[in-house]
Amino acid sequence: MIQPASMIIGTGSCAPDKVLTNSDLEKMVDTSDEWIKERTGIERRHILETEKTNSDLGACAAERAIEDAGLKAKDIDCILVATITPDSFFPSTACGVQAKIGAKDAAAMDVSAACSGFLYGMTLADALIRSGQYRNVLVIGSEVLSRFTDWEDRTTCVLFGDGAGAAVMTESDGTRGLLSSFIKSDGRLGRLLYLPGGGSTHPATHETVDQHLHTIRMEGREVFKHAVRTMVDAAVHGLEKGEVHSDDIDLLITHQANMRIIDAVRERLKLPEEKVFINLQEFGNTSAASIPLALDQARREGRIRPGDKVLLVAFGGGFTWASGVVQF
Ligand SMILES: CC(C)(COP(=O)(O)OP(=O)(O)OC[C@H]1O[C@@H](n2cnc3c(N)ncnc32)[C@H](O)[C@@H]1OP(=O)(O)O)[C@@H](O)C(=O)NCCC(=O)NCCS
């Protein structure tokens with residue numbers, strides 16, 4: 001029996017009010033509600049108001065998670081923000097959140113692992129708690145993908161949305177917590193899903209803007225194949241490491257990218273449909289925010305009860321992939 005070192009004691013999430021539906025997108029690019037629903041399962045996505053930033057969204061989710069944990073911001077020792085759409089290169093979005101929630105003197109840093117970022121963050125939080133470095137670690141996944149989307153490219157613009165989710169992790173009480181986590185990468189496949197411009201490879205110039213280098217590029221079909229294969233791999237290894245059989249999983253929460261990917265992963269793991277939580281139709285792909293957003297919604301809807309074992313699985317640009325088995 002695995003003895004967990006850390007556990008989740010509170011979750012929170014935040015989505016912008018503004019909604020962009022598939023029929024709104026029909027007016028912007030050559031697409032249809034029918035194509036988007038059939039090929040992805042997405043119906044709507046939320047878009048952050050122009051005057052707000054990633055750290056506003058992250059701070060909103062963080063405050064809800066801290067309240068749910070019964071703590072105050074001053075109790076947070078370390079803030080990890082998983083994101084690929086930061087407020088700026090530096091300072092980190094985590095420092096923005098630290099200031100906005102008033103987590104005085106907390107350590108703060110960003111984690112860049114694309115859609116696997118939240119599970120990378122949970123893994124780091126677990127290690128920090130396990131080592132005795134920190135007591136309460138706030139892990140946030142927060143994204144404003146709408147600002148890095150090419151709204152003229154129908155192959156990507158229908159997929160993404162904005163949102164944030166957060167979890168407060170602390171030392172396990174010995175009965176519940178993170179039973180296992182598994183994180184991997186393969187950087188050779190980075191060019192299948194990336195944002196070319198703005199870094200030191202292609203610093204911003206008029207030309208990089210004209211060439212649309214500051215928005216997400218993706219080889220959808222290739223990404224799809226790797227997503228299914230690596231998410232199944234992450235799930236199998238996470239279960240093995242946590243000494244948990246797939247029959248004992250009460251709920252599967254995967255990264256919410258495409259309904260067909262989620263179905264393929266569920267089928268390979270031989271889990272019934274009722275054991276899978278899906279909110280992709282409402283939010284689209286929110287990258288690092290997708291798992292904590294779904295986890296918080298599942299908890300608030302009563303889909304996760306004390307004692308339940310939840311399997312979290314993600315895949316993202318890098319490529320990165322990850323899983324976590326959490327006993328609540
Ligand atoms: C992007 C994705 C939905 C495309 O679905 P697909 O079934 O693979 O579709 P294809 O790319 O093969 O395109 C099929 C056709 O639809 C067209 N198409 C693409 N986007 C379209 C859209 N928004 N509306 C209408 N038609 C579209 C293509 O141009 C292509 O047309 P063609 O056959 O005339 O060339 C799918 O590949 C996917 O979800 N990939 C993984 C994405 C992902 O998870 N990314 C994030 C990982 S974290």
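Our compactness index for region 87-176, the C-alpha radius of gyration over the empirical 2.2 N^0.38 Å, is 1.29. Averaging 1/r over every pair of different alpha carbons in region 179-327 and inverting the result gives a Kirkwood radius of 16.3 Å.
The Cα center of region 221-236 and the Cα center of region 118-167 differ in position by 19 Å. Computed with the Debye formula from one identical point scatterer per Cα of region 2-135, without solvent, the log10 of I(q)/I(0) at q = 0.18, 0.20, 0.22 Å⁻¹ comes to -1.05, -1.20, -1.35. Taking amide H atoms as placed 1.01 Å from N in the peptide plane, the amide H of G10 lies under 5 Å from those of V168, each 5 or more residues away in sequence or on another chain. Loop-located GluC sites (Glu not before Pro) in region 203-295 (DSSP state not H, G, I, E or B) with no more than 12 neighbouring Cβ atoms inside 10 Å: E243.
With a Förster radius of 35 Å applied to the C-beta separation of V19 and S131, the computed FRET efficiency comes to 0.25. Positive end of the dipole of the chain (Cβ unit charges, origin at the Cα centre): among G141, M169, M1, the Cα lying farthest that way belongs to M1.
Accessible surface of the chain, 1.4 Å probe: 49 percent of it comes from carbon and sulfur atoms. A DSSP coil position with no more than 14 other Cβ atoms inside 10 Å describes the following GluC sites (Glu not before Pro) in region 142-175: E152. Derived scalar couplings between HN and Hα for region 191-199 equal 6, 7, 7, 7, 10, x, x, x, x Hz in order, rounded to whole Hz, by the Karplus curve 6.51 cos²θ - 1.76 cosθ + 1.60 (θ = phi - 60°), x for Gly and Pro. Using a probe of 1.4 angstrom and keeping all protein chains present, the accessible surface of region 65-209 works out to 45 square angstrom per residue. Within region 1-77, the trypsin sites (Lys or Arg not before Pro) that combine a DSSP coil assignment with at most 15 other C-beta atoms in a 10 angstrom radius are K18, K27, K52, K72.
For the chain, the tally of Lys pairs with Cα-Cα distances below 21 Å comes to 18, considering only residues 8 or more apart or on different chains.
Compared with the direct C-alpha span, the chain from F224 to E26 gains 68.9 nm at full extension, assuming 0.36 nm per residue.
The values are calculated or read from the model by the stated rules, or taken from the named source; none is laboratory data. It should be emphasised that the depicted structure is a prediction, and the values quoted were computed from it without experimental measurement. As a convention, Cβ positions derive from the backbone with ideal geometry for all residues, glycine included, and neighbour counts pool all protein chains shown. Calculation scope for accessible area: heavy atoms of the full protein, side chains included, ligands and nucleic acids excluded. Shrake-Rupley method; radii C 1.70, N 1.55, O 1.52, S 1.80 Å.
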